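Below: one structure, written as structure tokens.
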Amino acid sequence: MPNEIFMPKLSSTMAEGTVIEWFKDEGETVEIGEPILEIMTDKINIEVEAYHEGILLKTYFGADDVVPVNHVIGYIGEEGEGVPDTAPGLSSEASAEETGGKGSREDNAASSDTGTPEEKAPSKSDRTVSGTRENSLGKVRATPAARALARNEGIDIHDVSGSGRNGRIHKQDVADHTSGSEEHQKTPVNHLATGVRTEKLKGARKTVADRMADSSTSIPHVTIDFEVEMDNLIDLRNRVNQQNPDDKVSFSDLFILITSRALNRHPEINITFENDVIQYHDARNIGLAVAVDKELLVPVIKNTESKSLLSIRDDSKELISKARDGKLIPAEMQGGTFTISNLGMYSIRQFTPIINKPQAGILGIGGTMDRPAVHDGRLINKKAATFSLSFDHRGVNGAPAAAFCNTVKHLAENPVELIL
């Protein structure tokens, strides 16, 4: 009997998922634990692994198709087994639940071909080979189209560098590898490239782009810029890290702590605004924007109001590592009440951050630079950075926003208050 593959329900709020790509073609052999497709929901991409072995008999949806949770998207079985020509809708497990069967959809999803998000996370035994990623089964991560082109061109797929998540090889990577080899053999050194490569936004990048466009057009953004002298904060970080040389505190950790303490003093900023309703949150759940390849992820450090600097360091380090390894689950990106975007590691003086709906505020932090300052009538050199608060003027007025900025500035310039 063929085994169903269906769109998993990965969180209580998830209603649908988007198919990013299938890693197998119909008729190809599937092994247990082998990733067979990638789906996207809540800004993250998740690999769906096979919990049965056999032949991929049927796939009903392609790239960018949006599918409700618990709906059948394909079948794995033995060669020659019959399956429906069109998608049958809900899986038999989910249908049983709707007709009175035992177990919730979440329970059914956990025991399905897809497993839980933790089960689907890439194995720590994954290794990098020739710029590509091999899974624990020893197979290179590549799309079916990439494999087909490599076979047609007589290219060893192991020699191709992948540009996708976790080093997955796409068709364009194989084409670039082929043309690169030919150019190396035939093209003069002074040849000027004139080609244009196009890329359609899809998956997580498209979701983030759509949300940013929605935020910038539907929210009346107001941005306040203010300068912060950084010398004392730099000194505090150095002293803390001298005591913890093997587990250092980052500036982002300090910014999270400063923001959390400022939100404690200005609870009117720690809000979400949706459907003309303001919600005031007791928890200070601060999201930290993290760039991962071409994607932007915002893991959330929960309940920072009750955490020390070192506790924030531990939580943020774990979440950032999971974001970069593609192991974040939806719950770790939900529930934020305020966001920080730190570009201090770049030579960026200042920028205007876009609010992460339904939050009402986001703090952008530019690079620390040498700037002249007057101290006791003398001109001296100080290290300073420009902070930028963007806020939703529907839920936050200018005076409370300015007062919040003053508190952030005061705490950053007098960081001893953070550890008292």
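The values are calculated or read from the model by the stated rules, or taken from the named source; none is laboratory data. Keep in mind that this is a model prediction, so the values were computed, not measured. So basically every Cβ, Gly included, is an ideal-geometry build from the backbone, and we count neighbours across all protein chains shown.
Here is a yes/no grid of residues against (1) free of Cβ contacts under 8 Å to residues at least 12 places away in the same chain; (2) closer than 17 Å to Thr259 by Cα; (3) among the aromatic types (Phe, Trp, Tyr):
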| residue | (1), (2), (3) |
| --- | --- |
| Ser306 | yes, yes, no |
| Ser316 | no, yes, no |
| Arg324 | no, no, no |
| Thr339 | no, yes, no |
| Ile348 | no, no, no |
| Gly364 | no, yes, no |
| Arg378 | yes, no, no |
| Phe387 | no, yes, yes |
| Cys405 | no, yes, no |
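The set of residues in the stretch 275-284 being within 23 Å of the chain's Cα centre (by Cα) and not hydrophobic (A, V, I, L, M, F, W, C) consists of Arg284 alone. Restricting attention to the stretch 20-76, the residues that are among the small types (Gly, Ala, Ser), surrounded by 19 or more Cβ atoms within 10 Å (Cβ to Cβ) and modelled with pLDDT of 90 or more add up to 1.
Screening Gln279 against (1) in contact with a strand residue (DSSP E or B) (Cβ under 6 Å, 6 or more places away or on another chain); (2) under 15 Å from Ile340 (Cα atoms) leaves a single unmet condition, (2). The number of residues in the stretch 316-342 being over 13 Å from the mean Cα position of the chain (by Cα) and surrounded by fewer than 19 Cβ atoms within 10 Å (Cβ to Cβ) comes to 3.
Only one of the listed residues (Gly344, Gly366, Gly287) is touching a strand residue (DSSP E or B) at 6+ places or on another chain (Cβ under 9 Å) and more than 16 Å from Phe251 (Cβ to Cβ). That residue is Gly287. Taken over the stretch 156-177, the criterion of being closer than 19 Å to Ala204 by Cβ and free of Cβ contacts under 8 Å to residues at least 12 places away in the same chain is satisfied by Ser163 alone.
Of all residue pairs spaced 6 or more apart or on separate chains, those with beta-carbon atoms under 6 Å, a first member in the stretch 203-230 that is under 21 Å from Glu16 (Cα atoms) and a second member that is assigned to a loop (DSSP other than H, G, I, E, B) and among the aliphatic types (A, V, I, L, M) are Ala209/Leu201; Met212/Ile354.
Of all residues in the stretch 1-13, those satisfying the criterion of being surrounded by 18 or more Cβ atoms within 10 Å (Cβ to Cβ) and among the aliphatic types (A, V, I, L, M) are Ile5, Met7, Leu10. Scoring Ala323 on the criteria (1) within 20 Å of Leu233 (Cβ to Cβ); (2) in a helix (DSSP H, G or I) leaves a single failure, condition (1).
Here the stretch 196-219 is the region considered, the condition is being exposed (fewer than 14 other Cβ atoms within 10 Å of the Cβ) and of a type in the set (D, E, K, R), and the residue that is modelled with the highest pLDDT is Asp214. Would you be able to tell me the number of residues in the stretch 1-32 that are among the acidic types (Asp, Glu) and part of a loop (DSSP other than H, G, I, E, B)? The total comes to 4. Residue under question is Thr259, and the condition is that it be out of contact with any Ser or Thr (no Cβ under 7 Å at 6 or more places or on another chain), among the hydroxyl-bearing types (Ser, Thr, Tyr) and modelled with pLDDT under 95; does it hold? No; evaluated as a whole, the condition is false for this residue. It is to be established whether one or more residues within the stretch 90-104 are within 31 Å of the chain's Cα centre (by Cα), modelled with pLDDT of 85 or more, in a loop (DSSP other than H, G, I, E, B) and farther than 23 Å from Leu297 by Cα. No, that holds for no residue.
For Val240, are the conditions met, namely being aliphatic (A, V, I, L, M), touching a residue at least 40 places away in the same chain (Cβ under 8 Å) and either surrounded by 19 or more Cβ atoms within 10 Å (Cβ to Cβ) or closer than 16 Å to Gly336 by Cα (or both)? If you could, list the steps in order and put the result at the bottom.
Values: aliphatic (A, V, I, L, M): yes; touching a residue at least 40 places away in the same chain (Cβ under 8 Å): yes; either surrounded by 19 or more Cβ atoms within 10 Å (Cβ to Cβ) or closer than 16 Å to Gly336 by Cα (or both): no.
It is false that Val240 is aliphatic (A, V, I, L, M), touching a residue at least 40 places away in the same chain (Cβ under 8 Å) and either surrounded by 19 or more Cβ atoms within 10 Å (Cβ to Cβ) or closer than 16 Å to Gly336 by Cα (or both).
Is the stretch 274-287 home to any residue that is farther than 30 Å from Ala399 by Cβ and surrounded by fewer than 19 Cβ atoms within 10 Å (Cβ to Cβ)? Talk me through it step by step, then tell me what you get.
The initial filter retains those residues of the stretch 274-287 that are farther than 30 Å from Ala399 by Cβ, namely none.
No - not one qualifying residue is present in the stretch 274-287.
Every residue, every condition in (1) in the same structural domain as Arg324 (by TED's automatic domain parsing); (2) free of Cβ contacts under 8 Å to residues at least 12 places away in the same chain; (3) hydrophobic (A, V, I, L, M, F, W, C); (4) under 24 Å from Ala331 (Cβ atoms), yes or no:
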residue	(1), (2), (3), (4)
Pro8	no, no, no, yes
Glu21	no, no, no, no
Thr41	no, no, no, yes
Asn45	no, no, no, yes
Val72	no, no, yes, no
Ile76	no, no, yes, no
Gly80	no, yes, no, no
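Regarding the stretch 215-225, can at least one residue be identified that is closer than 20 Å to Gln334 by Cβ, in a strand (DSSP E or B) and among the charged types (D, E, K, R)? No: zero hits.
Got a sec? Which strands (runs of 3 or more DSSP E) wholly within the stretch 353-420 have at least 2 residues that are of a type in the set (Gly, Ala, Ser)?
Working: elements: 361-365, 369-375, 378-392.
Ranges flagged: 361-365, 378-392.
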